[in-house]
1. Would you mind getting me the FRET efficiency between Arg265 and Ala49? Use the beta-carbon distance for r and R0 = 41 Å, nearest 0.05.
2. Loop only per DSSP, at most 12 neighbouring Cβ atoms within 10 Å: give me the GluC sites (Glu not before Pro) in the stretch 127-234, ordered by residue number.
3. Helix-only estimate, please: 222 nm mean residue ellipticity of the chain, summing -39500 (n - 2.57) across DSSP H runs of length 4 or more and dividing by its residues, to the nearest 500.
4. How much length is gained if the chain between Leu80 and Ser39 is pulled fully straight, taking 0.36 nm per residue apart and subtracting their Cα-Cα distance, in nm to one decimal?
5. Once you have the Kirkwood Rh of the stretch 186-245 from its Cα pairs, apply Stokes-Einstein at 37 °C and 0.692 mPa s and quote D in µm²/s.
6. With a cut-off of at most 11 other beta carbons within 10 Å, and DSSP calling the residue loop, which trypsin sites (Lys or Arg not before Pro) in the stretch 149-246 qualify? Please list them.
7. Expressed as an acute angle from 0 to 90° and rounded to the nearest 10, what is the orientation of the C-alpha long axis of helix 253-268 relative to the principal long axis of the chain?
8. Given R₀ = 45 Å, what would the calculated FRET efficiency be for Asn208 paired with Ala22, taking r from the Cβ atoms and rounding to 0.05?
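A short reminder: the numbers here are calculations on the coordinates, not readings from a lab. Remember, predicted model here, so these are calculated numbers, not experimental data. Neighbour counts are summed over all protein chains in view; Cβ atoms, including those assigned to glycine, are modelled from backbone coordinates with ideal geometry.
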Amino acid sequence: MKPSEVGRANRFVIAANPLQRALIEKAGHDNGFEHVLPSAGDVVTLASARHRSQVVVTALAGGFYVRFQPATSALLPELLRSFQPWAEASDVFFVPTLADLAALLRRATCLSQALPNQAVRDYHTAVAQAVDTLPAGSRGTEVERLIRQRVGQERYRVALLAYWGGACAVSGVTVSEVLRASHAKPWAECADDTERLDAFNGFLLVANLDALFDRFLISFDDAGHLLISDRLSQNDLPGLGIHSGMTLRWLTSEHRHYLQWHRERFMLGT
């Protein structure tokens, strides 16, 4: 029996007592929804200063209904992919325990901070703070450009670590020191900051795969299967950590636009 079927016949809304409300609020506070908003009835509405998504939690006899009010349209499809057994509708989940509620809220927080819009807002805030510390004569110069690029790359890495759960998009390796935030469409060739900071414009990859992806020696098809350039010798593949059957752990429709751009360069061999 999948989690969403547990106790379905016996579910009913219960009046959340002070202890239950406190437990829900603590689960929110500990997992990225630190603010409790005024709400009517027996629901608990949670929000955050770190992202713009909100969530409404209703206590049931057998668990909790969780309804999201996402700040980005990409959030719900990602949550549905990760928590499909708990999905009651496109924006509603039923979780049977507080631990399950914590896991769902934690993933929603990571995604809300990583997905488009929020990452760009965080970037602009961080850049403004960094630029404010520059001497007046340094603004608008190469120094400012380098600061913008450094801050952007740092924010992009944070976004990809959050989106991919701190694990390589192909191998699943979780050693953060060897993970790189790889752009499909390079920073310098992006049209604007939205493209540069888009979590779908690239993948979190271990260093060897990052180096090959960055130089268009490998790419991925629309099903996520690894493509290998003819410029790589078959004899070198084992040493490079490349083997047949390597695929992305998952791939969404939002990735494909950027992957198409990357494959065109891959096919040109540049």
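1. Once rounded, the FRET efficiency stands at 0.55.
2. In loop regions of the stretch 127-234 (DSSP not H, G, I, E or B), there are no sparsely surrounded GluC sites (Glu not before Pro).
3. -12000 deg cm²/dmol
4. Numbers: separation 41, 0.36 × 41 = 14.76 nm, distance 2.56 nm.
Taking Leu80 through Ser39 to full extension adds about 12.2 nm, to one decimal.
5. Taking Rh from Cα pairs, D becomes 254 µm²/s.
6. On the way: sites: Arg150, Arg155, Arg157, Arg180, Arg196, Arg215, Arg231; in loops: Arg215, Arg231.
Answer by residue number: Arg231.
7. 10 degrees
8. Plugging the Cβ-Cβ distance into 1/(1 + (r/R0)^6) gives 0.40.
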